[in-house]
């Protein structure tokens with residue numbers, strides 16, 4: 001395995017490559033079509049290069065473990081805004097998630113509904129393209145927005161446009177307190193109405209999820225409020241009054257229970273260690289009840305107010321084919337290699353968008369060596 005120790009080593013490794021490269025960070029989220037080639041890990045590019053708590057910015061090498069970033073921020077009473085998911089339990093993987101891997105997959109957790117996705121907090125990147133050229137975009141301060149927005153483009157590109165060497169983020173103060181409003185026994189349609197009522201209220205909801213099977217096996221609807229303790233208590237009480245018409249509302253404020261409960265949602269722990277394929281749907285929240293019905297008997301966990309649907313289905317089943325009439329896209333997150341090859345991992349793109357994506361890859365990776373085929377459409381995979 002190639003493990004460059006700095007950006008110059010990385011550029012040399014990519015420039016000298018005479019065949020495909022399989023790019024990875026910590027190896028904790030093996031998402032994408034199977035790829036061939038020499039393995040190249042960014043884990044050698046490690047370390048926080050700049051952290052300015054007063055300016056709310058942090059800059060780190062791409063291979064820096066996520067825990068190192070979070071510990072440094074926590075020591076100053078700060079956090080990453082987008083609550084990145086840890087895929088290890090769901091995927092049955094090992095290793096350490098890296099900050100570059102988080103960016104490459106645009107990993108965003110429950111707080112996305114309030115703080116935006118990973119790419120929305122990303123303010124600068126350095127990366128090596130497929131020719132071995134080092135490219136910089138963005139900066140180390142939030143006001144730097146000049147030039148092409150390669151920062152947003154690299155987030156979610158899964159290493160197919162370039163190999164990240166450095167990332168810069170804006171950060172936020174840590175939350176002092178949290179409360180979670182819980183309603184048990186709602187069906188999906190009623191749950192979406194409840195989550196929508198919370199999200200459209202003036203009480204600054206930072207988490208809105210629904211599990212078809214909660215920890216005790218019954219459906220559970222969850223709404224989170226965060227902030228200063230007095231404010232959280234007031235807003236949670238007012239929101240409880242607003243939601244009483246949807247069912248019996250209880251409020252959980254225990255710090256450990258609320259933290260563990262949202263980690264359970266964030267990391268989709270309900271599907272961890274269970275047999276079956278895992279799908280991830282991004283849709284309009286109002287379409288969630290139709291989708292859940294269409295893909296039954298798959299078990300679902302809904303996040304982002306219903307805009308993100310995780311589904312556990314029978315192995316080999318094509319849930320994407322059941323989306324007829326429902327706008328959005330479906331990604332096959334966990335399945336056998338045979339199923340990935342047959343169905344493809346990522347949703348097919350409309351022809352104009354596919355042509356644009358192909359053109360970008362041809363520009364930044366003219367030799368076609370960076371994670372070749374990892375994001376290919378199903379038809380291309382079958383071919």
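Each value in this text was obtained by applying a stated rule to the coordinates, not by laboratory testing. Bear in mind that the values here come from a model prediction, so they are computed numbers and not experimental data. Methodologically, a virtual Cβ is constructed for each residue, glycine included, from the backbone with ideal geometry; neighbour enumeration extends over all protein chains shown.
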(request) Sort 22-35, 72-85 for me by packing, meaning the mean count of neighbouring Cβ atoms within 10 Å per residue, highest on top. (result) 22-35, 72-85
(request) Report the full-extension gain for the segment residue 200 to residue 36: residue separation times 0.36 nm, less the Cα-Cα distance, to one decimal in nm. (result) 54.4 nm
(message) Apply the a/c threshold of 1.5 to the C-alpha gyration tensor of the range 177-266 and tell me whether it is rounded, prolate or oblate.
(response) oblate
(request) Mind putting together the pair-distance distribution for the chain? All Cα pairs, 20 Å bins, whole percent per bin, short to long. (result) 28, 57, 15, 0
(request) Within 10 Å, count the other beta carbons around each residue, average over each peptide in 56-68, 153-165, and list them highest first. (result) 153-165, 56-68
(message) Just to be sure I understand: with springs between alpha-carbon atoms less than 10 Å apart, which residue in 259, 353, 195 has the highest mean-square fluctuation in the Gaussian network model of the chain?
(response) 353
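Neighbour counts of other C-beta atoms within 10 Å: give me 267, 149 arranged from fewest to most. Please report the intermediate quantities before stating the final value.
Working: 267 17, 149 12.
Lowest to highest Cβ neighbour count: 149, 267.
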(request) Would you mind checking the tilt of helix 255-266 against the longest principal axis of the Cα atoms of the chain, expressed as 0 to 90 degrees and rounded to 10? (result) 60
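Between residue 360 and residue 294, what is the FRET efficiency for a Förster distance of 41 Å, r being their Cβ-Cβ separation, to the nearest 0.05?
Working from the Cβ atoms, E equals 0.80.
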(message) Using Cα-Cα distances under 8 Å and only pairs 6 or more residues apart, what relative contact order does the chain have, in percent?
(response) 18
(request) Using only alpha carbons, build the gyration tensor for the range 251-320 and give me the equivalent ellipsoid semi-axes, biggest first, whole Å. (result) 24, 16, 8
(message) As an exercise, take the mean of 1/r over every pair of distinct alpha carbons in the range 292-353, invert it, and state the Kirkwood radius in angstroms.
(response) 12.6
(request) Quick one: angle between helix 7-16 and the longest Cα principal axis of the chain, in degrees between 0 and 90, rounded to 10, please. (result) 60
(request) Let me have the 222 nm mean residue ellipticity of the chain computed from DSSP H runs of 4+ only, each contributing -39500 (n - 2.57), with the sum over all residues rounded to the nearest 500. (result) -8000 deg cm²/dmol
(request) Measure nothing fancy, just the Cα-based angle from helix 66-75's long axis to the longest principal axis of the chain, in degrees from 0 to 90, nearest 10. (result) 60
(message) With 10 angstrom as the radius, rank 317, 286, 336, 324 by how many other C-beta atoms surround their C-beta, starting from the fewest.
(response) 324, 336, 286, 317
(request) Within 10 Å, count the other beta carbons around each residue, average over each peptide in 364-371, 233-240, and list them highest first. (result) 364-371, 233-240
(request) Mind giving me the nanometre distance, one decimal, between the label points for residue 244 and residue 341, set 7 Å out from Cα along Cα→Cβ? (result) 6.0
